Amino acid sequence: MARVFSGIQPSGDLHLGNLLGALVNWVNHQEEHEAVYCIVDLHALTLPKDPEELRSSTLELAQLLMAVGLDPDKCTLFVQSHVPEHSQLAWLMECTVSYGELSRMTAFKDKSDRSEFISAGLFTYPALQAADILLYDTDLVPVGDDQRQHIEITRDIAERFNHRFGETFVVPEHVIPPAGARIMDLQHPERKMSKSQHSVNGTINVLENPDSVRKKIKRAVTDSDGEIRFDFESKAGVSNLLSILGAAKGDSPEEVAKSFERYGDLKSAAADAVVDLLLPIQERYADLQADPAETRRLLQAGAEKAQEVASRTLTRTQQNCGLLQA
Ligand code: TYM
């Protein structure tokens, strides 16, 4: 059975891009594979965070992930800082990746351009992400398209370490969904839907009410040529609506395009599909919120399960690179 690993940051609200680009696949993978999913609170600290907000968003995100369909009986769900092996392996990864490689990461360039305080952690972020993945002998990493470069650098780090110190890590592959891998901002379809861009009308949150979802999709930017076809280069807005509808229905955007002739009809169908997808998640979330103690118990059990694997990998890695065992 293949081992699957992925992570998500507890910063900002969970949005439709996270859901369609990653989480829908996470839920599918737990049925077929041994799946490990992590709320990466240490990664969230790379940008300034209010302590109380970080604590509550971590717990809320755990509840949201379960509402989306992650089942702690079928997968391992835990918080990154509860398994200290992540930070311990991250140092060894920092010593395996070069300054030049980290300087070429587009996520660092984007985020550092927008921040006043650029932490060293923001720069070495990919080393911690590599540690997350490599600790679990991961075969497959389901992510959206924006994580492609992070998975490639993880593969490079794993191969370099194996080459220097002998077989230590499984070299992972990314799994990017055919539809939904790049959900774009509804008002600025040339940039991805994101927690950090502060584009209220361009972003749909998973907890958003149906009226607001419909309004935002109705007002989504399209173009004036009136033709429905999937072509991100010249028709970003329409293509984004096709991606959203396709991903929500499990169809390809090209196939979806054949069923519509008018933008208005495409928008109504996309709005219905998104509302149908979100309502049951919102109902389950309301139930889960009633019992935060149970969520914390499940996260603790998840961390214990994760640590069994993580500690074995860390010990093997420490031995292979020459650290004297205590
Ligand atoms: P994060 O928290 O930004 O996003 C979580 C997941 O959502 C996907 N995603 C999108 N997919 C499609 N369209 C969008 N507009 C969109 N926005 C976000 C992301 O690709 C991701 O799969 N660095 C990671 C967290 C991480 C991680 C890991 C991921 C830490 N360690 C190990 C995988 C494996 C991040 O910031 O994701």
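Throughout, read-outs are computed from the coordinates displayed, never taken from laboratory work. Model, not experiment: these values are computed from the prediction. Using ideal geometry, Cβ is built from the backbone for each residue, glycine included, and neighbour counts are taken over all protein chains shown.
Give the lysines whose C-alpha is closer than 20 Å to that of K74, dropping any in the same chain fewer than 8 places away, or say none.
By straight Cα distance, K74 reaches K305.
As I understand it, the dipole of the chain uses +1 on the Cβ of Lys and Arg and -1 on the Cβ of Asp and Glu, about the Cα centre. Which of F230, L128, Q300 lies farthest toward its positive end?
L128
Considering the chain as a Gaussian network with a 10 Å cut-off on Cα pairs, which listed residue, H15, H198, H29, attains the greatest mean-square fluctuation?
Result for the chain, Cα springs under 10 Å: H198 fluctuates most.
Connecting C-alpha atoms closer than 10 Å in a GNM of the chain, tell me which of S115, S243, S194 has the biggest fluctuation.
Looking only at S115, S243, S194, the largest GNM fluctuation is found for S115.
When a footprinting reagent is the concern and you count Cβ atoms within 10 Å, what order do I8, I157 take, fewest first?
Ordered by Cβ neighbours within 10 Å, fewest first: I8, I157.
At a 10 Å Cβ-Cβ cut-off, how would you order V79, V256, fewest neighbours first?
V79, V256
Could you list M105, M93, M1 so that the one with the fewest beta carbons within 10 Å of its beta carbon is first and the one with the most is last?
Fewest to most other Cβ atoms nearby, the residues stand as M1, M105, M93.
For segment 1-62, which GluC sites (Glu not before Pro) pass both filters: DSSP loop (anything but H, G, I, E, B) and at most 14 other C-beta atoms within 10 Å?
Here no GluC sites (Glu not before Pro) fit, given the DSSP loop and packing criteria.
For a quick check of your reading of the filter: which GluC sites (Glu not before Pro) in segment 235-326 sit in a DSSP loop and have no more than 12 other Cβ atoms within 10 Å?
Those satisfying the criteria are E261.
Among DSSP beta bridges whose residues both lie in the chain, state the antiparallel percentage, nearest 5.
So the antiparallel bridges amount to about 10 percent of the total.
For a quick check: with amide H placed at 1.01 Å from N, whose amide H comes under 5 Å from H174's, ignoring anything fewer than 5 positions away on the same chain?
V141
For the chain, what's the radius of gyration and Dmax over Cα atoms, in angstrom?
20.3, 69
So which lysines can K215 reach, going by Cα to Cα under 16 Å and dropping same-chain residues fewer than 8 places off?
Here the lysines satisfying the reach criterion relative to K215 are K267.
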